[in-house]
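J.: Here it is, the structure, as C-alpha cells.
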Amino acid sequence: MKIQKTEIVDTFAEAFKMWGARVVITADTKQWARAAAASMTGFATSVIRCKLEAAVECEIRKEDTPDHRPGVSVLLFTMSSKTIAGQLIDRIGQCVMTCPTTAAYNGLESEKTVSVGGKLRFFGDGYQISKVIGGRRIWRIPVMEGEFLIEDTFGIQPAVGGGNLIILGTNKYTALQAATAASNAMREVAGVFLPFPQGVVGSGSKIGARYKSMIASTNDAYCPTLGSISSKGVLPENVEAVYEIVADGLNEEAVKEAMRRGMHAAAGKGVMMITAGNYGGELGKYKFYLHNIIKESNT
Amino acid sequence: MTTTFLRLHTQPDVPLEAEAISPVAIAGLSELGIEHLPVLHGNIKAKIGDFFKVTGKGVPDILLEGDLGKIKMIGAGMSAGSITIEGNVGMHVGIGMSGGEILVKGNASDWVGPEMSGGRIVVKGNAGHMIGSAFRGQAIGITGGEIFIHGDAKNEIGNSMRRGLIAIGGDAGDFTAVNMRAGTVIVMGKMGVRAGAGMIRGTVVCFEDAPMLPSFEFSCKYQPLFLRLYLIRLQENGFENKITDQHLNGKYRRYSGDGIELNRGEILLFSR
C-alpha cells in the first residue's frame, strides 16, 4: 500500500493501557499559562525513565476556560491509576502553583477521580478555604501573590499510550521535515498528545539490551549506521535517517485518527517508508494496523 | 403531558401550608389523586383540590398559576424536577429541598429555602427576611444549594448557613450572613448594618460600600480569582446585567472576621 510514493508497511503499532488525566491551567496571560504547562510537562517523555508521559494538548480560548482567562490543556498519563494522583500533586504543586497568576482545574469528567487539590491544600497551612461552585469544589490556597486556585479532585480514565509511526527518509532533512509535518497534524486531534520534544523521537528504543541493567536500549534495527552490523537491520539501502512519533490518547479512536493524519502528512517525496513499532503483539493491549487505518479512512 | 398545572381558584383566608405541592408528593398520581392530597388551611385539614384546579398527571415538572402569596412550603423536600410559580409565593418555599429547581417569577415571602441542602431557588422579584437561614433555635442553616434573588431581600440573609451560594441582585437588609458557618453570600446592591456578625468562616461579597463591624479587620485590596468563578456562574444564570467586567476584573477590599469568633470569615467589598 502506498500514499503518494511512500510505502506504508503492512504492520501494526502496539500500544498499552495507561491512565490519563487532563489539567486545565489558566493564568492572567497566555505566556504565564504556557510557562506553567511547559514546566509541568518537563521530563515527561516516556514512562521508561520519567514514570509518566505528559505534554500540552492544546491552548484554550479564554471564553472556554472556567475563569475566562487564557488557558492551556495538559494531558498526563501514567501506567497505573495508583500513581497518577502523586504525579498530579507533585507537578501541579511544583510547576503550576509556583508559576505566577496560575490556577489548575480538572479537565476530564470521569466517574473515577483522584484527590489533588484536596492534598495540595495543606500547603495553605490551615489558612486554605474551600468553595463549592456549581458542584465543583475549589481550594483557595493563600500564596505570596494572592491566592492559588486548584480543583479538589481530578477525573482519571483508562487511556492509550504508545501509538506510533516510524518514518524512513532518504536523508535527514526530508525525514525530519516529514516527521515535523506529521507531528503537527497529529497534535490537532483532541485528546491526543505527543510526549517527545516537538513530538518527534530521534532515538527510538527497543525493549531490553545486552546489559542487564538496561530495560531499554537503542533501536538498532532502525539505526542507519548499523546497517551492516546489526543482525536485525531492516533499513533499505537508501535510508539515511529514521524518526519515530509516539502518540498517546484518551481513547483508541483518537490515537487512530492521529496516526491516520500523521501518515498522510508525512508521506511524500523523500520518505521511502512509514512503518510502526511493535513487540510481536504480546505486550500491549492495543494494535493499530497501518493498512486498516488507511482503508477505514478511505471508506 | 410533561407538566402538571395547578391553578389557584380559591384564595385561602389564612396561610395555607401546602407541602404536598412538590414533585416528590405528586409523583405518579392522577389529577384526582393530586387534588386529594392534604394541605393545612390555618389549623384545619383540607385538600389541594379545595384551592387549586389540577390539570395533568403527577410529573416532575409543576407549573403554578395565581397569586400564591399565602401559600407556604411549596416544593417541600423536593429532590428533583422543577416548579415554576407564575406569580408571588408565600413563606418557606423550597423548605428542605435537596435537588431540582424552583422558579418564582414574582416576589417571595420570608424564609426562602430553609433547611435546604441542594438544588436551586430563583426569585425574579424581591424576597423577604431570613433567606436561606436557620430556623430559630437551630444552629445550622442551609447546607448546600443555590438561592438567587434578582431583586432586594431583607434581614438575616444566610443566617448560620454552612454551605451553598446566596446571590442577591438588589439590596440586602441588616445582619447579612449573621452567625455564618461557611458558604457564600453575594450582594450586588447595598448591604445593611452588621453584616457577618458572629461569622466563623464563609464569604460575604458586596458590590457597594458597607459599614463594617469593629470586629472585622482590613486585610488587603486584591483581585480574588475565586470570585470570578462565582460571578461567571451568576452571569450565566440571569445576572448578566448586574455583573460588569469591572466586577470581574476589579479589586476588592478584604476584611477578616468576625474577631469575636474564629476570624476565618471574610467580607469583600468592591473597590471602585
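Every read-out reported here was derived from the displayed coordinates using simple, explicitly stated rules and does not represent laboratory data. The shown structure was predicted, so the numbers you read here are calculated from the model rather than taken from an experiment. Because the Cβ atoms are built from the backbone with ideal geometry, glycine has one as well, and the counts that use them run over all protein chains shown.
J.: Once label points are set 7 Å from the Cα along Cα→Cβ at both residue B:5 and residue A:225, what is their separation, rounded to one decimal in nm?
T.: 8.5 nm
J.: Another question, if that's okay. Counting only helical runs of four or more DSSP H residues, what would the 222 nm mean residue ellipticity of chain B come to if each run contributes -39,500 (n - 2.57) and the total is spread over all its residues?
T.: Result for chain B: -2000 deg cm²/dmol, rounded to the nearest 500.
J.: Return the whole-Å distance between the Cα centroid of region B:115-143 and the Cα centroid of region A:251-299.
T.: Taking the Cα centre of region A:251-299 as reference, the centre of region B:115-143 is 58 Å away.
J.: Please compute the contact order of region A:18-157 in relative form: average sequence separation of alpha-carbon pairs under 8 Å and at least six residues apart, divided by the residue count, as a percent.
T.: Over region A:18-157, the number comes to 28 percent.
J.: At what distance in nm do the modelled label points of residue A:170 and residue A:216 sit from each other, each positioned 7 Å from its Cα along Cα→Cβ?
T.: The modelled label-to-label distance comes out at 3.2 nm.
J.: If you don't mind, there's one more thing I want to ask. Classify region A:18-157: rounded, prolate or oblate, from the alpha-carbon gyration tensor (a ≥ b ≥ c, eigenvalue square roots; a/c under 1.5 rounded; otherwise prolate if a/b is larger than b/c)?
T.: rounded
J.: Residues with amide H under 5 Å of residue B:62's amide H, sequence separation 5 or more or different chain, H placed in the peptide plane at 1.01 Å from N; which?
T.: Amide H to amide H, under 5 Å and 5 or more residues apart or across chains, residue B:62 pairs with B:4, B:82, B:83, B:84.
J.: Still on this structure, I have one more. So if I place +1 on the C-beta of Lys and Arg and -1 on the C-beta of Asp and Glu, and nothing else carries charge, what would the dipole magnitude of region A:179-299 be about its Cα centre? I want it in debye, nearest 20.
T.: Roughly 180 debye for region A:179-299.
J.: Pull up all non-local amide H partners of residue B:187: gap of 5 or more, or a different chain, and H-to-H distance under 5 Å with H placed in the peptide plane.
T.: Placed amide hydrogens put B:168, B:205, B:206, B:207 under 5 Å from residue B:187.
J.: Something else about it: If R₀ is 45 angstrom, what is the calculated FRET efficiency for the pair residue A:79 and residue B:27, using the beta carbon separation as r and rounding to 0.05?
T.: Given R0 = 45 Å and the Cβ-Cβ separation, E is 0.40.
J.: Which residue fluctuates the most in chain B, going by a Gaussian network model with Cα springs under 10 Å, if the choices are B:84, B:184, B:203?
T.: B:84
J.: Another question, then. I'd like the distance between the alpha-carbon centres of region B:48-69 and region A:152-196, rounded to an integer number of Å.
T.: 59 Å
J.: Give me, ordered by chain and number, the residues 5 or more places off residue A:57 or on other chains with an amide H under 5 Å from its own placed amide H.
T.: A:73, A:74, A:75
J.: Can you give the helix-only mean residue ellipticity at 222 nm for chain A, where every DSSP H stretch with n ≥ 4 adds -39500 (n - 2.57) and the sum goes over all residues, rounded to the nearest 500 deg cm²/dmol?
T.: Calculated from helices alone, the mean residue ellipticity at 222 nm is -6500 deg cm²/dmol.
J.: Just for the Cα atoms in chain A, what are the lengths along the principal axes, largest first, rounded to whole Å?
T.: 66, 44, 32
J.: Separate question: Could you point to the residue in A:99, A:31, A:88 farthest towards the positive end of region A:18-157's charge dipole, with +1 and -1 charges on the Cβ of Lys/Arg and Asp/Glu respectively?
T.: Value: A:88.
J.: On to the next question. As I understand it, the dipole of the protein assembly as shown uses +1 on the Cβ of Lys and Arg and -1 on the Cβ of Asp and Glu, about the Cα centre. Which of A:113, B:218, A:274 lies farthest toward its positive end?
T.: A:274
J.: Now, a different point. Under Stokes-Einstein, with the Kirkwood radius over Cα pairs standing in for Rh, what whole-number D in µm²/s applies to chain B at 4 °C and 1.567 mPa s?
T.: Taking Rh from Cα pairs, D becomes 69 µm²/s.
J.: Once R0 is set to 45 Å, what does the formula 1/(1 + (r/R0)^6) return for the Cβ-Cβ distance between residue A:137 and residue B:67, expressed as a FRET efficiency to the nearest 0.05?
T.: Given R0 = 45 Å and the Cβ-Cβ separation, E is 0.65.
J.: Over chain A, calculate the relative contact order: mean separation of alpha carbon pairs under 8 Å at least 6 apart, over the residue count, as a percent.
T.: 26 percent
J.: Once you charge only the Cβ atoms, +1 for Lys and Arg and -1 for Asp and Glu, what is the size of the charge dipole of the protein assembly as shown about its Cα centre, to the nearest 20 debye?
T.: With Lys and Arg at +1 and Asp and Glu at -1, about 1200 debye.
J.: Need one word for region B:63-157: rounded, prolate or oblate. Basis is the Cα gyration tensor (sqrt eigenvalues a ≥ b ≥ c); a/c below 1.5 gives rounded, then a/b vs b/c decides.
T.: Oblate, since a/c reaches 1.5 and b/c is not below a/b.
J.: For residue A:2 and residue A:115, compute 0.36 nm times the residue count separating them, minus their Cα-Cα distance, and round to one decimal in nm.
T.: 35.9 nm
J.: Here is a follow-up. Could you run the Karplus curve 6.51 cos²θ - 1.76 cosθ + 1.60 with θ = phi - 60° over region B:86-100 and give me ³J(HN,Hα) per residue in whole Hz, x for Gly and Pro?
T.: Once rounded to whole Hz, the list reads 5, x, 7, 9, x, 5, 6, 5, x, 4, x, 6, 10, x, x.
J.: Then there's this: Separation between the residue B:45 and residue A:144 pseudo-spin-labels, each 7 Å from Cα along Cα→Cβ, expressed in nm?
T.: Between residue B:45 and residue A:144, the simple spin-label model gives 7.1 nm.
J.: Residue by residue through region B:53-68, which ³J(HN,Hα) values in whole Hz follow from phi under the Karplus form 6.51 cos²θ - 1.76 cosθ + 1.60 (θ = phi - 60°), with glycine and proline marked x?
T.: 8, 9, 10, x, 6, x, 10, x, 10, 10, 10, 10, 10, x, 7, 9
J.: Report relative contact order for region B:110-271 in percent, whole number only (criteria: Cα-Cα under 8 Å, sequence separation at least 6).
T.: 16 percent
J.: I've got another one for you. When a/c is below 1.5 the answer is rounded, else prolate if a/b is larger than b/c, else oblate, so apply that to region B:98-248 with a ≥ b ≥ c taken from the square roots of the Cα gyration tensor eigenvalues.
T.: Rounded is the answer for region B:98-248, as its axis ratio a/c remains below 1.5.
J.: Treat every Asp and Glu Cβ in chain B as -1 and every Lys and Arg Cβ as +1, leave all other atoms uncharged, and give the resulting dipole magnitude about the Cα centre to the nearest 20 debye.
T.: Using Cβ point charges on Lys, Arg, Asp and Glu, chain B gives about 600 debye.
J.: While we're here: Quick one: of A:212/A:256; B:45/B:154; A:30/A:172; B:154/B:242, which pairs are farther than 24 Å apart, Cα to Cα?
T.: Flagged as over cut-off: A:212/A:256; B:45/B:154; A:30/A:172.
J.: Identify which of B:62, B:157, B:142 has the largest mean-square fluctuation in a Gaussian network model of chain B, with springs joining Cα atoms closer than 10 Å.
T.: Of B:62, B:157, B:142, the Gaussian network model singles out B:62 as fluctuating most.
J.: Quick one: 3J(HN,Hα) in Hz for region A:165-170, Karplus 6.51/-1.76/1.60 with θ = phi - 60°, rounded, Gly and Pro as x.
T.: Those phi angles translate into 10, 10, 10, 9, x, 6 Hz.
J.: Taking the 0 to 90 degree range and rounding to the nearest ten, how far is the long axis of helix A:81-91 tilted relative to the main principal axis of chain A, both from C-alpha atoms?
T.: 70 degrees
J.: I've got another one for you. Pick from A:174, A:225, A:26: which residue has the top mean-square fluctuation in a GNM of chain A where Cα pairs under 10 Å get a spring?
T.: Checking each option, the largest mean-square fluctuation is seen for A:225.
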